[in-house]
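The values are calculated or read from the model by the stated rules, or taken from the named source; none is laboratory data. Because the structure is predicted, anything quoted here is derived from the model rather than measured. Cβ sites come from the backbone with ideal geometry, for glycine too, and all protein chains shown count toward neighbours. Note: areas computed on protein heavy atoms with side chains; ligands, DNA, RNA excluded. Shrake-Rupley method; radii C 1.70, N 1.55, O 1.52, S 1.80 Å.
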Amino acid sequence: MYRQVIDTAAEKMQKTTAVLQSDLRSIRAGRANPQLLERVVVDYYGVQTPLTQMGNITAPEPRMLVISVWDQKALPLVEKAIIKSDLGLNPSNDGKIIRLVIPELNEERRKELTKVVRKTVEEAKVAIRSIRRDAMDQFKKLEKNGDITEDDRTKAEKKMQDKTDEAIKGIDSIGAQKEKEIMEV
């Protein structure tokens, strides 16, 4: 009975970790990476459309992204969306494609980005702890309803704590790796 609760919680923890990895991918580390633009949304004729669905994004050089939009009339809209995003990039539009030169990160910006990483990692940890708390509440309800014994509840809580510790350790590792990547010169 309680194994289902643990399995469900573990699955939610894995999803939280996957979301964290996705969020951290969009934080730039000084290299051109098409995933930087995953979160950019363009107001395309009144519809909020992800930039990744409007054209091809390539990285022909280590410090440059090239966006070729399928609808040439949308170039100014894409340019405006990139400027409005919090990426701090200045697009150059030649009428056919948009080029984004990724500037070298200075020390101050690197420290700012590591703070953003730490904040994102902490939010993921809070989400993991929330999942654990929900599972612990379910164990108490199962015991109260007579579905499991006190020993089973104790055993389930220990297993849940082990899963939580494992997930938080993984999240810390992901965060440390991203911070190292950002601080690399």
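Data overview
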quantity	calculated
Residue in region 76-107 that is surrounded by the most Cβ atoms within 10 Å (Cβ to Cβ), counting only those that are of a type in the set (S, T, N, Q) and either under 18 Å from Tyr45 (Cβ atoms) or out of contact with any strand residue (DSSP E or B) (no Cβ under 7 Å at 6 or more places or on another chain) (or both)	Ser85
Pairs where the first residue, in region 117-130, is closer than 11 Å to Leu20 by Cα and the second is not in a helix (DSSP H, G or I), C-beta under 9 Å, 6+ apart	Val117/Ile27; Thr120/Ile27
Selected residue (only one of Arg63, Arg39 is farther than 30 Å from Gly170 by Cβ and either touching a strand residue (DSSP E or B) at 6+ places or on another chain (Cβ under 9 Å) or open to solvent by less than 40 Å² (accessible area, probe 1.4 Å) (or both))	Arg63
Which numbered condition Lys111 fails, given (1) basic (Lys, Arg); (2) open to solvent by 80 Å² or more (accessible area, probe 1.4 Å); (3) more than 20 Å from the chain's Cα centre (by Cα)	(3)
Every residue from region 143-169 that is under 13 Å from Thr17 (Cβ atoms) and either open to solvent by less than 30 Å² (accessible area, probe 1.4 Å) or of a type in the set (A, V, I, L, M) (or both)	Thr164, Ala167, Ile168
Residue identified as out of contact with any Phe, Trp or Tyr (no Cβ under 6 Å at 6 or more places or on another chain) and either closer than 18 Å to Val19 by Cα or open to solvent by less than 30 Å² (accessible area, probe 1.4 Å) (or both) among Asp137, Asp172	Asp172
In region 140-157, the residues that are free of Cβ contacts under 8 Å to residues at least 12 places away in the same chain and part of a loop (DSSP other than H, G, I, E, B)	Asn145, Gly146, Thr149
Selection count, region 1-26, where residues are open to solvent by less than 20 Å² (accessible area, probe 1.4 Å) and under 30 Å from Ile83 (Cβ atoms)	3
